[in-house]
Amino acid sequence: MFTAADRERIRSELLDAARNDARLTGGAVTGSAAAGREDPWSDIDLGFGVDDGARIPEVLSDWSSRLYNRYEALHHVDVTAGAWIYRVFLLASTLQIDLAFAPAPEFGARAPTFRLVFGRAAELPHVPPPAAESLIGYGWLYALHVRSSLARERLWQAEYMVSAMRDQVLALACLRHGLPAREGRGTDLLPEDVRRPLEDSLVRRIGAGEISRAFRVATLGLLSETRKVDEGLAGRLEAQLLELSGGAPSSSD
C-alpha cells in the first residue's frame with residue numbers, strides 16, 4: 001500500500017508538471033486535502049482549468065500517458081459533471097488519483113473543498129445538496145421496485161432496491177442534520193439514535209422473508225424522515241407505502 005509520503009511526493013510532482021503545462025490556466029487541490037482532513041487512506045484530488053475546452057481530449061491523453069508511464073497506473077475511469085471531466089486512476093500501490101479538467105471559464109470552486117494552488121479560477125456557485133423532495137421521490141420509487149422484484153422472485157434485485165431505498169432515507173437524515181448528503185459522506189456523522197434504527201433495514205441474507213422484513217423497516221424510516229420534511233406529503237404517502245411493504249416490521253421468517 002502507498003504511504004502518506006508517497007502520496008505527497010506524487011501530488012507535488014503532478015502540480016509541478018501542471019505549472020509547466022502552458023495549456024493549463026490554473027490548478028487546485030480538491031477533496032480532503034483542501035479541507036485539511038487527509039488520513040492514511042485519502043487519495044489525490046487535483047483540478048485544472050484548460051485554456052481551450054476543445055483541447056481537453058488532448059490534455060487528457062497526455063496526462064494519462066504520464067500516469068501510466070511514470071506512476072504505474074493500472075486502469076482509469078471517467079466521470080463527468082457538467083463541463084468537468086474527472087479521470088480517476090488506480091495505481092499499482094492502490095493509490096487513487098483523480099485528475100479533473102474543465103474549460104477555463106468553468107474552472108472554479110463548486111464546493112468548499114477547493115484550494116487554488118496556481119493560476120486563476122472563476123467565481124462559480126457551489127453545487128447545492130440534493131433536494132429533500134427528490135430524495136423522497138426516489139425513496140418511494142425504489143419501494144415500488146422492491147415490491148415488483150419480490151413478486152417476480154428476483155431476490156438480488158429486490159435486495160439492491162432495498163439498499164437504494166435506505167440510502168435515500170440516510171441522505172434525508174444527513175440533510176436534516178446539516179451533513180453531506182451525497183455518497184454516504186455524512187452517514188457516519190449522524191447521531192447514534194438516527195442510525196441505529198436503520199440497521200434493521202440491512203438485508204442479512206437473500207430470502208424473500210428477510211428482504212420483506214428489511215423493506216418494512218426501510219419504509220418506516222422513509223416515512224419518519226418524510227414527516228420531518230413535509231408532514232402533509234408523509235400523510236399522502238403513508239397508506240400506500242405501508243401497503244407496498246406489508247405494514248409494520250415483523251421478525252424474519
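The values are calculated or read from the model by the stated rules, or taken from the named source; none is laboratory data. The structure presented is a predicted model; accordingly, all values stated were derived computationally and were not measured. Note: ideal-geometry Cβ built from the backbone for every residue, glycine included; neighbour counts use all protein chains shown. These area figures cover heavy atoms from the full protein model, side chains too; ligands, DNA and RNA do not enter into them. Shrake-Rupley method; radii C 1.70, N 1.55, O 1.52, S 1.80 Å.
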- Out of region 82-121, which residues are under 16 Å from the mean Cα position of the chain (by Cα) and over 19 Å from Leu60 (Cα atoms)? Arg110, Ala111, Pro112, Thr113
- Could we say that Arg147 is out of contact with any Lys or Arg (no Cβ under 8 Å at 6 or more places or on another chain), of a type in the set (D, E, K, R), assigned to a loop (DSSP other than H, G, I, E, B) and crowded, with 17+ Cβ neighbours inside 10 Å here? no
- Of the residues in region 81-95, those that are part of a loop (DSSP other than H, G, I, E, B), closer than 13 Å to Tyr71 by Cβ and open to solvent by 60 Å² or more (accessible area, probe 1.4 Å) number 1
- Message: Against the definition (part of a loop (DSSP other than H, G, I, E, B), under 25 Å from Arg19 (Cα atoms), out of contact with any Cys (no Cβ under 8 Å at 6 or more places or on another chain) and of a type outside the set (S, T, N, Q)), how does Ala102 come out, yes or no?
- Response: no
- Query: Which residues, counting only those in region 1-56, are open to solvent by 70 Å² or more (accessible area, probe 1.4 Å) and under 17 Å from Phe89 (Cα atoms)?
  - Reply: Met1, Glu8, Arg9, Glu13, Trp41
- Item | Out of Pro128, Pro103, sole residue that is out of contact with any Lys or Arg (no Cβ under 7 Å at 6 or more places or on another chain) and either touching a residue at least 12 places away in the same chain (Cβ under 8 Å) or farther than 30 Å from Met165 by Cα (or both) | Pro103
- Hits in region 118-129 (condition: crowded, with 16+ Cβ neighbours inside 10 Å and modelled with pLDDT of 95 or more): Gly119, Ala121
